[in-house]
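Written out below as structure tokens is the structure these notes cover.
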Amino acid sequence: MGAELGPRFVLKGPVADARVVRTEAEARAVARRLAGTWGFPLIAQEFIEGEEFGIAAVANQGHQVVGAVVVRKEIRTLNGNTWGGSVVRDRGLEALASRFAETLGWVGPFELEVIRHPRRGAILIEVNPRFPGWIYLSAAAGANLPWAAVRLARGERVSALAARARTFYTRMAWDVTAPMDRMAALAVDGKVGGRVE
């Protein structure tokens with residue numbers, strides 16, 4: 001098992017994937033796997049117990065947030081990706097997005113990842129200068145952030161957007177089957193004509 005390294009911590013790949021480790025042996029094995037999959041650098045971060053949230057937002061040229069969608073992350077994959085969650089109205093997390101944009105002079109989309117610790121409160125663990133993979137949820141919740149970003153880029157005025165709480169999303173996968181000659185056409189021509197079943 002290996003020697004304990006102290007409090008648990010999280011090793012993250014540079015693009016995706018996160019694993020909680022406790023021992024030197026675990027840390028070495030996880031680091032090799034992450035580097036082999038995602039490359040370097042790897043990120044080591046304190047493990048924080050609590051409920052995880054994502055905040056997607058868009059700031060205008062005046063560094064004011066025109067829309068923010070807060071998601072409680074409820075379905076996670078083994079490597080830490082979010083596959084399901086629900087929109088919540090959380091004034092504290094919405095205010096965090098506003099403070100972030102104003103303080104840094106931010107313009108455009110961003111994502112904040114936050115863990116709300118039971119005693120320490122909201123702790124910012126990651127900032128991404130882009131929309132998250134779950135951004136389609138913003139439109140479904142009535143606050144279409146990508147469209148707001150396009151309108152702002154065109155120099156148009158965007159009124160404040162408010163997301164509807166209790167809107168849920170989940171990612172899914174489905175199998176697609178086809179004859180091999182159709183798949184060969186995809187490889188050669190870059191497209192498949194006709195219907196795939």
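The values are calculated or read from the model by the stated rules, or taken from the named source; none is laboratory data. In this text the structure is predicted, and so the values were computed from the model without any measurement. FYI the Cβ positions are ideal-geometry reconstructions off the backbone, even for glycines, and counts take in every protein chain you see. All accessible areas refer to the heavy atoms of the entire protein, side chains included, with ligands and DNA or RNA removed. Shrake-Rupley method; radii C 1.70, N 1.55, O 1.52, S 1.80 Å.
Find the residue count for region 145-166, including only residues that are touching a residue at least 24 places away in the same chain (Cβ under 8 Å), open to solvent by less than 70 Å² (accessible area, probe 1.4 Å), part of a loop (DSSP other than H, G, I, E, B) and more than 30 Å from residue 47 (Cβ to Cβ).
Count: 1.
Would you say residue 66 is touching a residue at least 24 places away in the same chain (Cβ under 8 Å), surrounded by 13 or more Cβ atoms within 10 Å (Cβ to Cβ), in contact with a helix residue (DSSP H, G or I) (Cβ under 9 Å, 6 or more places away or on another chain) and over 23 Å from residue 170 (Cβ atoms)?
yes
Name the residue that is nearest to residue 87 (Cα to Cα), counting only residues in region 121-141 that are in a loop (DSSP other than H, G, I, E, B) and in contact (Cβ under 8 Å) with a residue 40 or more places away in the chain.
141
Residue 145: closer than 17 Å to residue 87 by Cβ and modelled with pLDDT under 95, yes or no?
The answer is no for residue 145.
Does region 170-188 hold any residues that are surrounded by 10 or more Cβ atoms within 10 Å (Cβ to Cβ) and polar (S, T, N, Q), and which are they?
Listed by number, the list holds a single entry, 170.
Contact list please: Cβ distance under 8 Å, first residue in region 169-193 and part of a helix (DSSP H, G or I), second residue exposed (fewer than 10 other Cβ atoms within 10 Å of the Cβ), pairs at least six apart or on different chains.
Short answer, once both residue conditions are applied: 182/194; 185/191; 185/193.
Looking only at region 28-56, count every residue that is touching an Asp or Glu at 6+ places or on another chain (Cβ under 8 Å) and either open to solvent by 40 Å² or more (accessible area, probe 1.4 Å) or without any contact (Cβ under 8 Å) to a residue 60 or more places away in the chain (or both) and tell me the total.
Result for region 28-56: 4.
Could you list all residues from region 19-59 that are small (Gly, Ala, Ser) and closer than 30 Å to residue 164 by Cα?
Of everything in region 19-59, those that are small (Gly, Ala, Ser) and closer than 30 Å to residue 164 by Cα turn out to be 50, 54, 56, 57, 59.
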